[in-house]
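This report refers to the structure that appears directly beneath it.
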């Protein structure tokens, strides 16, 4: 198959929108809980409620807006408009302060409690705009703008951005004192302004793919991907989605505890010097691995990715010292990102032409919702009898142990039958 060349404008749009979208998500997923805890003394149940509400909002938004983007045949409008409103909603968090809330509600018993409630509501609003722009419209645009000859290369870049965004955010947040309200005001102002600017830039940068608006009704489009008849027409796509869900369950078993494991269980207070090089090298590997998918197909590329991930788990399970842990982390991160690129590209390959928006909700089910519920639950069950330590203030905390990597390895083994089934189904890529 002759490779279709993608324009420089496409690559620039991909990098800018993918990276900035992931930076915004990293801030939400990793630092909003810190914002709630530091500024308003939120409880664990408050944080849990915010995470759950955001996950549900993201999934429902992607299902409904993805179908809408197919109905109107416009991706650019939803991407650019969504990014602009997304940035404004991020900036609105600068107004969530106890002094302002006390002025508006002078008789309220607790300004902090009201701030927690407002933050959770605003988080859902922000997630709506973010999922509209990124999860639904941008991902559908990426599918429409590529084909099976170049999709792996594009997905390689897209798949590496979440961890690149982590490096960007970690590096940037080092300069802020997160116990100060003024720091959060500046953070939300900067990120909000940049996201708005990216949305405006997209008006001139993004080229809307030529797609024909669907002639079916909007509600038909919403439920299209959940119909039995659709499953029968696209079996390889749905088996790939199941495999992708199991893959992400494996990641979510250990990922919520990884930093705590490095810092507390292994005593590596300088874990950033392990994570950062591993992420950088793994990101480069992922960018190149997408091209391997284009040339060698699903079978070869997914086998190597899963083997690398499994090898990383094994090394991390048996080793405790710095250099072996770095090697294990590098193998794990490389396998994780390469696997994301391979599954992402294959799912785009198997998505029916002109219906990319309708299937973005299903992708979020496989990538976010189902793994986000099952994976951490397995991890918590594995760590149920973990060692406890007494903190300086007399409270107790648990210490994650290496069993989380063993459980994650078992999940990877569970993927194998689904991968074999995908490979045996009717080929869509020449070498799959």
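Couple of notes before you dig in:
- When region 334-366 is filtered for residues that are surrounded by fewer than 21 Cβ atoms within 10 Å (Cβ to Cβ) and under 19 Å from the mean Cα position of the chain (by Cα), only 365 remains.
- Any hit, region 210-218, residues being surrounded by 14 or more Cβ atoms within 10 Å (Cβ to Cβ) and within 30 Å of residue 5 (Cβ to Cβ): yes
- Residue match in region 204-212 (condition: more than 25 Å from the chain's Cα centre (by Cα) and free of Cβ contacts under 8 Å to residues at least 12 places away in the same chain): yes
- Being more than 27 Å from residue 149 (Cβ to Cβ), touching a residue at least 60 places away in the same chain (Cβ under 8 Å), over 18 Å from the mean Cα position of the chain (by Cα) and assigned by TED's automatic domain parsing to the domain that holds residue 380 is a property that does not hold for residue 257.
- Test: residue in region 124-135 that is over 21 Å from the mean Cα position of the chain (by Cα), without any contact (Cβ under 8 Å) to a residue 40 or more places away in the chain and under 23 Å from residue 195 (Cβ atoms): no
- Test set (1) surrounded by fewer than 18 Cβ atoms within 10 Å (Cβ to Cβ); (2) in the same structural domain as residue 50 (by TED's automatic domain parsing) - residue 169 fails condition number: (1)
- Some residue of region 381-391 being closer than 20 Å to residue 252 by Cα, assigned by TED's automatic domain parsing to the domain that holds residue 237 and touching a residue at least 60 places away in the same chain (Cβ under 8 Å): yes
- The residues listed here are 334, 346, 366, 329; of these, the one that is touching a residue at least 24 places away in the same chain (Cβ under 8 Å), over 30 Å from residue 133 (Cα atoms) and not in a loop (DSSP other than H, G, I, E, B) is 329.
- Comparison of 46, 99 shows that the only residue that is part of a helix (DSSP H, G or I), at negative phi and out of contact with any helix residue (DSSP H, G or I) (no Cβ under 7 Å at 6 or more places or on another chain) is 99.
The values are calculated or read from the model by the stated rules, or taken from the named source; none is laboratory data. If you're wondering where the values come from, they're calculated on a predicted model, not measured in any experiment. Positions of Cβ are generated from backbone atoms using ideal geometry, with glycine treated the same way; all protein chains shown enter the neighbour counts.
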